[in-house]
Amino acid sequence: MGLVWMVAAAVAAVLASWAFNALVYLVWRPRAITRQLRAQGVGGPGYRFLAGNLAEIKRLRADTAGAALDVGNHDFVPMVQPHFHKWIPIHGRTFLYWFGARPSLCVADVNTVKQVLSDRGGLYPKNLGNPHIARLLGKGLVLTDGDDWKRHRKVVHPAFNMDKLKMMTVTMSDCAGSMMSEWKAKMEKGGSVEIELSHQFEELTADVISHTAFGSSYEQGKKVFLAQRELQFLAFSTVFNVQIPAFRYLPTEKNLKIWKLDKEVRTMLMNIIESRLATKETMGYGNDLLGLMLEACAVEGGHNPILSMDEIIDECKTFFFAGHDTSSHLLTWTMFLLSTHPEWQEKLREEILRECGSEVPTGDMLNKLHLVNMFLLETLRLYAPVSLIQRKAGLDLEVGGIKVPEGTVLTIPIAMIHRDKEVWGEDANEFKPMRFENGVTRAGKHPNALLSFSSGPRSCIGQNFAMIEAKAVIAVILQRFSFSLSPKYVHAPMDVITLRPKFGLPMILKTLEM
């Protein structure tokens, strides 16, 4: 009997401790943080028990779920980030809101953003709040911090130096040329055809990253991309749910599907890696991204490799996803804007024919395409593939003059900042590529205002790759085709980790070749 009482007392003590910790985390701590920040003049929507502000965010998103914009309207923020659209005018550029019981500080002031993103001391590590997104991207260069990030970057960075990127241009142009040939084969006698371009660009950029980084092709990696796309939509469907850590281990229908897809991706990546290892005796590891990573894994004697095999798989996940998904959307939105601004379509074609003629564009030719570059930068400003980025306070520290507690998520709403009239001028919502005539740093009233590739030491390592790829593909298209938006197109940008047209991009293409 005494043993039973002892067990009961132990269970009661554990439950009491759990209840106390829950009370602290879900009630006392949110109140204390709210008071601390309000005393510093930081407002925000009030905290609601357990859910924070998630219920309101979901309601605001649901209210705009069926909305569409005029094709000349580039302000999709009320549809994609309705909570920021509502709260910033009320609470200012810096305010506190709650993702469940997790405090989040909106940081929409460009000077404060610069402080966060330019830090080199590790004060603002990446926020890994959603385990499903971490599973999708892999704990590679995008999500690692500190010494791990330095190790990964040391291995990956040489794959993206400018000399190698120039060599990759031929591959990019060849992949685009193959797609052009398929388009022309579909042309009717009248010389025009309607094609849904967003899916075409997903396949094209997947083919490019497969060839340039992994020495394979889209067909070989097709199942990886398809599985990752499914993972992407599943992961995003959990973003606005209360994150209860234990739930990620429960065999729910969604978790089982995510686990299955993740296992498939890992198996397929391992097959690609093993096929490379099988030829290393005769062909070496190769000089692409995969080859550099495998070489770093196989240091002499196999002791203390720079990257482990698990880290290589994670890095493959990162680049299979990030290397094609964001690039495909940049191409999609560029083509959308070219179709709705025919005068710019003609300007860019004239520049391309002047610098490239009808030849396959080389790296040196692409460097001379200044109008194309300006057009792409303005596309990135209005339709940045990623609409927000997050960091977190690694310690109790001061952000923009505000003392914030350790663990606070710092949310940088890129789409809002890219439309801030105090930064970009009264025409911030208008499409004007000429604002980049004197370069990125002079386009707005702040030199670090364009955040499409982030900025600072953790800016996107693939930004030069993405820009060269976009220039090469757009050049090849404009050499051969003119195009206009299909009447079927519905302008409804949607955010599923990356920004995409909800109903695709149907386009009418006409050949310029006789």
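The values are calculated or read from the model by the stated rules, or taken from the named source; none is laboratory data. Owing to the predicted nature of the structure, the values given are computational and were not obtained by experimental measurement. Glycine also receives a Cβ, built like all others from the backbone with ideal geometry; neighbour counts cover every protein chain displayed.
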**Message:** From the list Ala322, Ala296, exactly one residue is of a type in the set (Gly, Ala, Ser), over 22 Å from the mean Cα position of the chain (by Cα) and surrounded by 19 or more Cβ atoms within 10 Å (Cβ to Cβ). Which is it?
**Reply:** Ala296
**Asked** Take the residues of segment 149-198 that are of a type outside the set (Asp, Glu) and in a loop (DSSP other than H, G, I, E, B): which is nearest to Pro361 (Cα to Cα)?
**Response** Asn161
**Asked** Looking at segment 486-506, which of its residues are assigned to a strand (DSSP E or B) and either out of contact with any Phe, Trp or Tyr (no Cβ under 9 Å at 6 or more places or on another chain) or under 17 Å from Tyr383 (Cα atoms) (or both)?
**Response** His491, Pro493, Met494, Asp495, Val496, Thr498, Leu499, Arg500, Pro501
**Fill in**
Checked segment 115-141 for anything among the polar types (S, T, N, Q) and modelled with pLDDT of 90 or more; matches are Gln115, Ser118
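Let's see how each residue does on (1) under 26 Å from Lys347 (Cα atoms); (2) of a type outside the set (Gly, Ala, Ser); (3) buried (at least 19 other Cβ atoms within 10 Å of the Cβ); (4) more than 17 Å from the chain's Cα centre (by Cα):
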| residue | (1), (2), (3), (4) |
| --- | --- |
| Lys432 | yes, yes, no, yes |
| Thr441 | yes, yes, no, yes |
| Pro447 | no, yes, no, yes |
| Ser452 | yes, no, yes, no |
| Ser455 | no, no, yes, no |
| Gln463 | yes, yes, no, no |
| Ile477 | yes, yes, yes, yes |
| Leu499 | no, yes, yes, no |
**Fill in**
In segment 199-219, residues that are within 21 Å of Met167 (Cβ to Cβ) and assigned to a helix (DSSP H, G or I) total 12
**Complete:** Looking across segment 366-375 at residues that are part of a helix (DSSP H, G or I) and free of Cβ contacts under 8 Å to residues at least 24 places away in the same chain, the single one that is surrounded by the fewest Cβ atoms within 10 Å (Cβ to Cβ) is His370
**Message:** Going through Leu37, Leu50, Leu26 one at a time, which residue ends up being in contact (Cβ under 8 Å) with a residue 12 or more places away in the chain, among the aliphatic types (A, V, I, L, M) and assigned to a loop (DSSP other than H, G, I, E, B)?
**Reply:** Leu50
**Request:** Give segment 460-485 a look and list any residue that's hydrophobic (A, V, I, L, M, F, W, C) and assigned to a loop (DSSP other than H, G, I, E, B), or say none.
**Result:** Cys460, Ile461
**Prompt:** Condition test on Ile133, is it over 19 Å from Glu469 (Cβ atoms) and outside any helix (DSSP H, G or I)?
**Reply:** no
**Request:** Hey, could you check segment 298-356 for residues that are out of contact with any Cys (no Cβ under 9 Å at 6 or more places or on another chain) and not in a helix (DSSP H, G or I) and say which is farthest from Val142 (Cα to Cα)?
**Result:** His341
**Complete:** Residue count, segment 85-109, condition within 19 Å of the chain's Cα centre (by Cα) and farther than 24 Å from Glu406 by Cβ, comes to 0
**Asked** Within segment 213-267, which residues are of a type in the set (S, T, N, Q) and farther than 17 Å from Thr318 by Cβ?
**Response** Ser217, Gln220, Ser237, Thr238, Asn241, Gln243, Thr252, Asn255, Thr267
**Item:** Whichever residue in segment 187-234 is of a type in the set (Lys, Arg), touching an Asp or Glu at 6+ places or on another chain (Cβ under 9 Å) and surrounded by fewer than 17 Cβ atoms within 10 Å (Cβ to Cβ) and, among such residues, is farthest from Leu136 (Cα to Cα)
**Value:** Lys222
**Complete:** Counting only residues in segment 381-407 that are assigned to a loop (DSSP other than H, G, I, E, B), surrounded by fewer than 21 Cβ atoms within 10 Å (Cβ to Cβ) and not acidic (Asp, Glu), the one nearest to the chain's Cα centre (by Cα) is identified as Val386
**The listed residue being farther than 25 Å from Ile272 by Cβ, over 20 Å from the mean Cα position of the chain (by Cα) and either surrounded by fewer than 18 Cβ atoms within 10 Å (Cβ to Cβ) or modelled with pLDDT of 95 or more (or both), out of Glu378, Glu350** = Glu350
**Prompt:** So which residues in segment 59-101 are basic (Lys, Arg) and either under 28 Å from Lys432 (Cβ atoms) or surrounded by 19 or more Cβ atoms within 10 Å (Cβ to Cβ) (or both)?
**Reply:** Lys86, Arg93
**Asked** Can you tell me which residue in segment 238-264 is farthest from the chain's Cα centre (by Cα), limited to those that are among the hydrophobic types (A, V, I, L, M, F, W, C) and at pLDDT 85 or above?
**Response** Leu256
**Item:** Qualifying position, being within 30 Å of Arg391 (Cβ to Cβ), at pLDDT 90 or above, of a type in the set (Val, Ile, Thr) and more than 21 Å from the chain's Cα centre (by Cα), among Thr205, Thr144, Thr112
**Value:** Thr112
**Request:** Confirm whether Thr441 is in a loop (DSSP other than H, G, I, E, B) and of a type in the set (S, T, N, Q).
**Result:** yes
